[in-house]
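So the structure is just underneath, and the comments pick up after that.
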Amino acid sequence: MRFKKVLASALAGVMTLSLAACGSDGSAAAQTSANSETAQAADNTNTESVGTSGEKLVIWTLAKDLQTFAEKYVEDHDVQIETVVIEPADYVTKVQTALNGGQTTPDIIVGEPQMLEDFYDAGYFEDLNQAPYNAQDYADQIVDYVWEVGQDAEGIQRAISYQITPAGIYYRRDIAQEVFGTDDPAEVGKLFADYPTILSTAQKLKDNGYRIFASDAEMGYFSGDTAWVVNDKLNLDQARLDYMDLVCDLYQNDLTAYANQWSTPWYQAMAGEVPILTAEVQSYADDSVNVWDAEAFAEATKDLATTQVFAFGLPSWGVLTLRDNVGETSGKWGVCSGPAYGFGGGTFIGISAMSEHKDLAWDFLKWVTLDENTAEWWIEKSEGDTVSLVSVLEKHKDDENAVYGGQHLYSFWQEQAAGIDYSKVTRYDKIVNDAWGAACTAVKTGEADKETAINEFYDVVESTYPEIQIER
């Protein structure tokens, strides 16, 4: 059964993480800030050095953003920086191997939220509360949830991020006006207030010739409003079960365009017309359509009926994703709140506890995350990334984004970030979410009934994390 193969893959993934002594429904791409590229070299790393004199700083990172920051930093500092971009699948193992082996480089290491708790416990990150860093002096300068993510269980600051990544619903204003009589973000947000309302919204859109989403995974960032593990017990609450029902209803009632996230038709739907695929194509039961090759996809679907997609569910970095793919629909988009507060990804930067260049590393870390001039530069350089520095967000709160109908996105994202409860994030989330996603897929495609899928989900969690209590 393919469901068991998917769960086995999830288990294999966590075994790798466990062996690495490290370390929510979404693809790997969704776990890393999507506006950043990852290395593609044969050894899964991409190394670039900048600067020709002075002390040398070595950075290990998951994404190329820090390489861009490093290039800017050396313009005004007498320093060399070597930035090593490592594939997310290999990053945890490389950090663990280096630091457990007493290696004094890298000087700067990073982590995404789901990695950080185990990184902190392993002692990889320097204590930034102690002198000379005194990080707590800067606590009120960074958006609250981001500052909290950078703290270990004892409240010691270990890492800081230069960005916030709250989730929202990106929607077509022109379709909203036609079908619902308004394109106002506050009113459109009511169409996504909860799962039953989302299904009602989806049916009305279908009745008018549209599809609510390209895929049925668009609510992944809003799929649970409680922690997966509470007091060492697995917490499969009603909201998770309701999410499973939502995914099944969207899939089984032909309410989406049946495009997989990150595939050719998923991106194509941002620009307008997209072929209406089938459930069999989405689940790969029908492999006659290659959704990962644009040229092959165009040929295979040239005679299919088309539709236009209303909305996408993505974190704030989705602003950049849509910007690069909306084509002639630019200016016709808006962003509203979803059924719950959520966030995805984010690069958190810290100093390696083994570094021999901690003063320089701190100066670089402060420059990236706490310097207003840097944040201003990054907004322009990244063409719209949402920074974490409160003063700069406030300065840009009335900026209008032309792609999104002149909407004030920086103020919107700041409001969404204020609702994020980071206490709901646990070290188990990546694997548990993947296993739950596999269970949802098995039920929606008919490969397993709900009871069987949930029991196999329990089996994966139990075998992977024996310390978690499970009440079936």
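The values are calculated or read from the model by the stated rules, or taken from the named source; none is laboratory data. This structure is a prediction, so every number in the text was calculated from the model and none was measured. We place every Cβ from the backbone using ideal geometry, glycine too, and count neighbours over all the protein chains shown. Accessible surface areas use protein heavy atoms only, side chains included; no ligands, DNA or RNA. Shrake-Rupley method; radii C 1.70, N 1.55, O 1.52, S 1.80 Å.
Can you give the FRET efficiency to the nearest 0.05 for T104 and L304, using r as the Cβ-Cβ distance and R₀ = 60 Å?
Calculated transfer efficiency: 0.55.
Solvent-accessible surface (1.4 Å probe) assigned to E451 amounts to roughly 140 Å². Per the Cα gyration tensor, region 188-251 maps to an equivalent ellipsoid with semi-axes of 27, 11, 9 Å, ordered largest to smallest. Rolling a 1.4 Å probe over the protein heavy atoms leaves H77 with an accessible area of roughly 60 Å².
For the chain, the solvent-accessible area with a 1.4 angstrom probe is 40 square angstrom per residue. Only one residue of M244, G51, V387 has its Cα farthest out toward the positive end of the dipole of the chain, where Lys and Arg carry +1 and Asp and Glu -1 on Cβ, and that residue is M244. Note on the chain: semi-axes of the ellipsoid equivalent to its C-alpha gyration tensor, largest first and rounded to whole Å, are 36, 27, 21. Cα-based values for region 308-381, radius of gyration first and Dmax second, are 17.9, 55 Å.
When the solvent-accessible area of the chain is split by element, carbon and sulfur atoms take up 45 percent of it, the probe being 1.4 Å.
Taking 13 Å as the cut-off, no amide N atom of region 340-367 comes nearer than this to a point 7 Å along the Cα-to-beta-carbon line of T97. Accessible area ranking (1.4 Å probe, heavy atoms, ligands and nucleic acids excluded), largest first, for R240, R427: R427, R240. Using the reciprocal of the averaged 1/r over all distinct C-alpha pairs, how large is the Kirkwood radius of region 374-472 in Å? That comes to 17.2 Å for region 374-472.
Checking the Cα-Cα distances for K206/K233; K64/K233; K302/K381; K72/K358; K190/K397; K233/K444 against a 31 Å cut-off, the pairs over it are K206/K233; K64/K233; K302/K381.
Between E394 and Q252, the contour length at 0.36 nm per residue exceeds the alpha carbon distance by 46.7 nm. Counting only Cβ charges, +1 for Lys and Arg and -1 for Asp and Glu, the dipole size of the chain around its Cα centre is about 820 debye. Ranking V461, V425 from most to least accessible surface, computed with a 1.4 Å probe over the protein chains only, gives V425, V461. Farthest toward the positive end of the dipole of the chain, out of L255, G344, Q308, is the Cα of L255, where the dipole comes from beta carbon charges about the Cα centre. FRET efficiency for the E48 to S463 pair, using the beta carbon distance and R₀ = 30 Å, is estimated at 0.15. Return the percentage of antiparallel bridges among DSSP beta bridges fully within the chain, rounded to the nearest 5 %. Of those bridges, close to 75 percent are antiparallel.
Working from label points 7 Å from Cα in the Cα-to-Cβ sense, the S200 to E328 distance is 3.5 nm.
Of L199, L128, the residue with the largest accessible area leads and the full order is L199, L128 (1.4 Å probe). Could you compute the net charge surrounding F312? Neighbours are other residues with a C-beta less than 14 Å from the C-beta of F312; K and R count +1, D and E count -1. Value of the local net charge: +2.
The 3J(HN,Hα) values that the Karplus relation (6.51, -1.76, 1.60; θ = phi - 60°) gives for region 165-179 are, in residue order, 9, x, 9, x, 9, 8, 9, 7, 5, 5, 5, 4, 5, 5, 8 Hz. Gly and Pro appear as x. Given +1 at the Cβ of Lys and Arg, -1 at the Cβ of Asp and Glu and no other charges, the dipole of region 192-335 around its Cα centre is 440 debye to the nearest 20.
Here is the result for region 382-472: no chymotrypsin sites (Phe, Trp or Tyr not before Pro) lie in DSSP coil with at most 11 other C-beta atoms within 10 angstrom of their C-beta.
The calculated pair-distance distribution of region 141-225 uses every alpha carbon pair, bins of 10 angstrom beginning at 0, and gives 14, 36, 22, 18, 9, 1 percent.
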